[in-house]
Amino acid sequence: MSDPKSVTLPDRLAIDPDSPYHDAELLQRGIGIRFKGAEKTNVEEYCVSEGWIRVAAGTARDRHGKPLLLKLRGPVEPYIKDDGEEG
């Protein structure tokens, strides 16, 4: 069992399984995102070093059925949601 605080989150992470930045094991642990100091729950992808997140643009879909994404720029703070609440 590893301590949630000992896990280093990647600089870039995506929830799309087709993305090279997808990490299913890490996503199952529960990742939270603070963007410009506010909690965001609709983030599809983030990059800390470049300072952006991608969020779905409403219900719009591309020709492959994936959501259209908007890139928002600002400070990004990822964290593990389960900060030792168990036990």
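Quick one: T8 ticks every box in (1) farther than 21 Å from K66 by Cα; (2) touching a strand residue (DSSP E or B) at 6+ places or on another chain (Cβ under 7 Å); (3) modelled with pLDDT under 95; (4) not small (G, A, S) bar one, so which box is it?
Of everything listed in (1) farther than 21 Å from K66 by Cα; (2) touching a strand residue (DSSP E or B) at 6+ places or on another chain (Cβ under 7 Å); (3) modelled with pLDDT under 95; (4) not small (G, A, S), T8 misses just condition (2).
Can you tell me which residue within the stretch 10-49, out of those that are among the polar types (S, T, N, Q) and outside any helix (DSSP H, G or I), is surrounded by the most Cβ atoms within 10 Å (Cβ to Cβ)? Spell out how you get there, then give the answer.
Of the stretch 10-49, the ones among the polar types (S, T, N, Q) are 19, 28, 41-42, 49.
Then drop every residue that is not outside any helix (DSSP H, G or I), which leaves 19, 41-42, 49.
Working: S19: 13, T41: 7, N42: 10, S49: 8.
Among them, the one singled out is S19.
Give the residue that is surrounded by the fewest Cβ atoms within 10 Å (Cβ to Cβ), with candidates limited to residues of the stretch 50-74 that are of a type in the set (K, R), at pLDDT 95 or above and closer than 14 Å to A14 by Cα.
Taking the candidates together, the pick is K71.
Pairs needed: first member in the stretch 30-53, over 18 Å from D18 (Cβ atoms); second member anywhere, among the basic types (K, R); C-beta distance under 7 Å; at least 6 residues apart or different chains.
Short answer, once both residue conditions are applied: G30/K81; I31/K81; G32/K81; I33/K40; G51/R73; W52/K71; W52/R73; I53/K40.
For the stretch 29-46, what are the residues that are within 15 Å of T8 (Cα to Cα) and more than 10 Å from the chain's Cα centre (by Cα)?
Hit for the stretch 29-46 is R29, nothing else.
The values are calculated or read from the model by the stated rules, or taken from the named source; none is laboratory data. What you are looking at is a predicted structure, and each value in this text was computed from that prediction instead of being measured. Virtual Cβ from ideal backbone geometry, glycine too; neighbours counted across all protein chains shown.
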